[in-house]
Structure formats: C-alpha cells, structure tokens
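Enquirer: My structure is below; once you've seen it, I'll send some questions.
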Amino acid sequence: MNDQLQAVVFKNRGAALAVPALLLLIFGKPNAFGVSIGLPLAFAGELLRCWAVGYSGVTTRGNAVTAPELVTAGPYAYVRNPLYVGNFITAAGFAIAFTGANYLAGRIALIAGSLSVMAAVYAIIIPHEEKFLRARFGEAFVRYCESVPPIVPQLEPTEAQQGTWKPGVIAQAESKTFITFGVMLAALAVKALLV
C-alpha cells in the first residue's frame with residue numbers, strides 16, 4: 001500500500017474511528033442486558049489501553065509515528081499492538097451495549113460494521129507503524145516480531161522485555177480517550193432512557 005495513504009490514515013485515525021461511534025449513537029437502541037454485557041468489556045479494553053500507555057507513553061497520540069525506544073515489556077510482551085487490541089475490546093463492548101434492543105439483523109450489522117471499520121483502519125496503520133519501527137530499531141524489532149504476535153495475545157510473555165511502567169503518563173496520554181469514553185457513557189445513558 002502507498003506510504004502516503006498509510007500516513008494520511010494514521011494521521012486521521014481518530015476521525016475514521018469516530019464513524020462507528022456515531023453510527024452507534026444514531027442507530028443504537030440499548031437495553032439493560034446489552035449494557036450489562038457490553039460495559040464490562042468496554043472498561044476492560046480501556047484498562048488494557050492504560051496498561052499499554054503506561055509503558056509506551058504520550059508518543060501514541062501523535063500525527064506521525066514516533067518511538068523513542070522499543071518497548072517490549074508489560075502488555076507488549078504478549079502482543080505487539082495492545083493499544084489497538086484494547087480499542088477493539090472497548091469498541092466491541094460499546095457496540096454490544098448500544099445495540100441490545102435493536103432487532104437481530106440491525107444489531108449484527110451495527111456491531112460487525114463498527115468492528116470492520118476498526119479492522120480496516122488497523123490493517124492500514126499497523127504496517128505503517130511497523131515499517132517505521134523496523135527502520136528505527138532494525139534487528140531488535142525483527143526479533144520482537146518473531147517472538148510476539150501482532151493482534152492475538154500469546155499466553156506466555158516474551159523473555160526479552162524492555163521498558164518501564166510509568167503510570168504518571170496515563171492521565172496526560174489518555175485524556176482524550178477518557179473524554180471520549182465519558183461521552184460514550186453519557187450518550188449510552190441518555191439513549192437507554194429514551195428507548
């Protein structure tokens with residue numbers, strides 16, 4: 001895929017990922033059952049993100065790929081893209097929560113559509129990021145890729161771990177995510193009252 005297209009998608013990933021959220025806000029019909037299943041998933045995804053950000057820091061919010069160091073500890077010892085796995089879990093949780101009262105076909109379409117948009121965005125930006133990391137860290141990144149899967153976490157962590165947990169960066173790095181999460185919770189509460 002064209003490097004420029006990948007860079008554009010990377011820069012605008014937040015806007016692209018807002019589309020499924022808007023569809024859920026517009027067409028979703030929550031109920032108590034969907035919320036009781038979906039919200040724990042959404043919170044679990046955000047906790048995974050926080051764990052990952054504690055290792056990767058604020059560099060995850062830029063418009064261009066940056067990495068001052070190759071982090072292979074914490075959740076990165078299990079999966080190369082824990083932020084995206086966390087996002088996917090959170091999105092699945094909100095999709096389930098927002099669509100509990102939709103007819104089955106509508107529920108499936110909204111959930112599958114939301115997650116498909118995310119998968120498409122990540123299919124474009126993960127190779128873009130990995131190209132940068134391979135160029136920056138060379139053989140160390142290649143060895144990391146050989147020992148840690150990109151999306152589905154492995155059960156045992158890689159032995160070669162580097163990176164330090166810095167919980168102080170979470171509030172700064174995740175401020176936009178926390179706001180978005182709060183907006184989604186508020187919208188879910190409002191929609192639940194209106195259904």
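Enquirer: Of the options ALA105, ASN81, ALA52, report the single residue whose Cα projects farthest towards the positive end of the charge dipole of segment 1-105 (beta-carbon charges: Lys, Arg +1; Asp, Glu -1).
Expert: Positive-most Cα among the choices belongs to ALA105.
Enquirer: If you don't mind, another one. Between VAL190 and ALA18, what length comes free when the chain is fully extended (0.36 nm per residue of separation minus the Cα-Cα distance, one decimal in nm)?
Expert: 60.1 nm
Enquirer: In a shell of Cβ-Cβ distance under 14 Å around GLY34, excluding GLY34 itself, what net charge do Lys and Arg (+1) and Asp and Glu (-1) give?
Expert: That sum, taken over residues with Cβ under 14 Å, equals +3.
Enquirer: Give the order of PHE137, PHE88 when sorted by the count of other beta carbons within 10 angstrom, beginning with the fewest.
Expert: PHE137, PHE88
Enquirer: Sequence gap of 8 or more, or different chains, plus Cα separation below 20 Å: how many lysine pairs satisfy both in the chain?
Expert: Taking the chain as the scope, the lysine pair count is 4.
Enquirer: Using only helices, what value at 222 nm comes out for the chain when you add -39,500 (n - 2.57) per DSSP H run of length 4 or more and divide by the total residues, to the nearest 500 deg cm²/dmol?
Expert: Helices in the chain give a 222 nm mean residue ellipticity of -23000 deg cm²/dmol.
Enquirer: Another question about this same structure. Using the count of nearby Cβ atoms within 10 Å as a rough guide to exposure, how do LYS29, LYS11 rank from fewest to most?
Expert: LYS11, LYS29
Enquirer: Given an 8 Å cut-off on Cα distances and at least 6 residues of separation, report the relative contact order of the chain as a percent.
Expert: Dividing the mean separation by the residue count of the chain yields 37 percent.
Enquirer: I would also like to ask the following. Only one of the listed values, [x] 0.93; [y] 0.99; [z] 1.13, was derived from the coordinates as Rg/Rh (Cα atoms, Kirkwood Rh); which label is it?
Expert: [y]
Enquirer: Another question, then. Report the FRET efficiency, 1/(1 + (r/R0)^6), for ASN31 and ALA112, where r is their Cβ-Cβ distance and R0 is 22 Å, rounded to 0.05.
Expert: Efficiency for this residue pair is about 0.70.
Enquirer: What is the calculated FRET efficiency for GLN4 to GLU139, with r their C-beta to C-beta distance and R₀ = 22 Å, to the nearest 0.05?
Expert: 0.20
Enquirer: Please determine, in degrees from 0 to 90 and to the nearest 10, the orientation of helix 13-27 with respect to the longest principal axis defined by the Cα atoms of the chain, where the helix direction is its Cα long axis.
Expert: In the chain, helix 13-27 runs at an angle near 20 degrees to the longest axis.
Enquirer: Place a point 7 Å from the Cα of ALA119 along the Cα-to-Cβ direction; which residues of segment 139-157 have their backbone N under 18 Å from it?
Expert: 150-153
Enquirer: Please work out the C-alpha center-to-center distance from segment 72-114 to segment 139-195 and express it in whole Å.
Expert: Centre-to-centre (Cα) distance: 12 Å.
Enquirer: Still on this structure, please answer the following. Can you sort ILE126, ILE96 from fewest to most other Cβ atoms within 10 Å of each residue's own Cβ?
Expert: Exposure proxy ranking, most exposed first: ILE126, ILE96.
Enquirer: What does the highest-first list of 100-107, 158-165 look like by mean Cβ count within 10 Å?
Expert: Descending packing order for the listed peptides: 100-107, 158-165.
Any read-out appearing in this document is the output of simple, stated calculations on the displayed coordinates, not a laboratory observation. What you see is a predicted model; the values in this text were computed from it and never measured. Heads up, the Cβs are rebuilt from the backbone with ideal geometry, glycines too, and the neighbour counts pull from every protein chain shown.
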